[in-house]
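Single-structure report; data block below.
The values are calculated or read from the model by the stated rules, or taken from the named source; none is laboratory data. Since we're looking at a predicted model, the values are computed, not measured. Every residue, glycine as well, gets a Cβ built from its backbone with ideal geometry; the counts of neighbours run over all protein chains shown.
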Amino acid sequence: SRVLIINGPNLNLLGIRKKEHYGSETLEDINLFIKEYFDNTGILFDFFQSNSEGEIIDKIHKSLDTKIDYIVINPGALTHYSYSIRDAIEAVRIPTVEVHLSNIHARENFRGKSVIAPVCIGQISGLRKFGYIYAINALKEKKDINGG
Ligand code: DQA
């Protein structure tokens, strides 16, 4: 299956940014970890990072043409206010899991609300890079989650 991993604004700065929340690894380290973890499973990954809301929306739309089966998205701060990303995920109807490296419920109040999670199968928060792994495994087991 084809899995699109989207990381939103400022996640290109992982490694330098607030290590107490996000860890010391770079986004490249995390993407390599994911790729190696699922080596020989037949999953084809497309890793995408953008600081622009519009580019993320275009990428989600293109997922229909590129026959993406599942999306894992860490929308960064767009999580908390991007109704357009929410609508894009809802429109393409590709099963999606939202991931956060930090526990968004243990931080500032504004981070505790996601406008995107309601159109996702679920949300994983606070489990650092393993969140991406658990999200991918959950999507692989999707039949067991929602019977479809
Ligand atoms: C984040 C949490 C967001 O609140 C924040 O704006 C980020 C990263 C996380 O992975 O913990 O950029 O999505």
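Worth a mention:
- Criterion violated by GLU20 - all others in (1) within 16 Å of the ligand (Cβ to nearest atom); (2) exposed (fewer than 13 other Cβ atoms within 10 Å of the Cβ); (3) at pLDDT 95 or above; (4) not aromatic (Phe, Trp, Tyr) satisfied: (3)
- Whichever residue in region 56-78 is more than 15 Å from the chain's Cα centre (by Cα) and among the acidic types (Asp, Glu) and, among such residues, is farthest from SER102 (Cα to Cα): ASP65
- As a summary of the residue check, PHE47 satisfies the conditions (1) in a helix (DSSP H, G or I); (2) surrounded by fewer than 18 Cβ atoms within 10 Å (Cβ to Cβ); (3) of a type in the set (A, V, I, L, M, F, W, C) except for the one numbered (1).
- Against the conditions (1) within 20 Å of ILE121 (Cβ to Cβ); (2) away from the ligand (no atom under 12 Å from the Cβ); (3) without any contact (Cβ under 8 Å) to a residue 60 or more places away in the chain, VAL3 satisfies every one except (3).
- Residues within region 76-113 that are under 15 Å from ALA135 (Cβ atoms), more than 7 Å from the ligand (Cβ to nearest atom) and in a helix (DSSP H, G or I), tallied: 1
- Some residue of region 32-43 being closer than 26 Å to HIS105 by Cα and either over 16 Å from the mean Cα position of the chain (by Cα) or not in a helix (DSSP H, G or I) (or both): no
- Of the residues making up region 73-90, not a single one is under 18 Å from GLN123 (Cβ atoms) and at pLDDT below 95.
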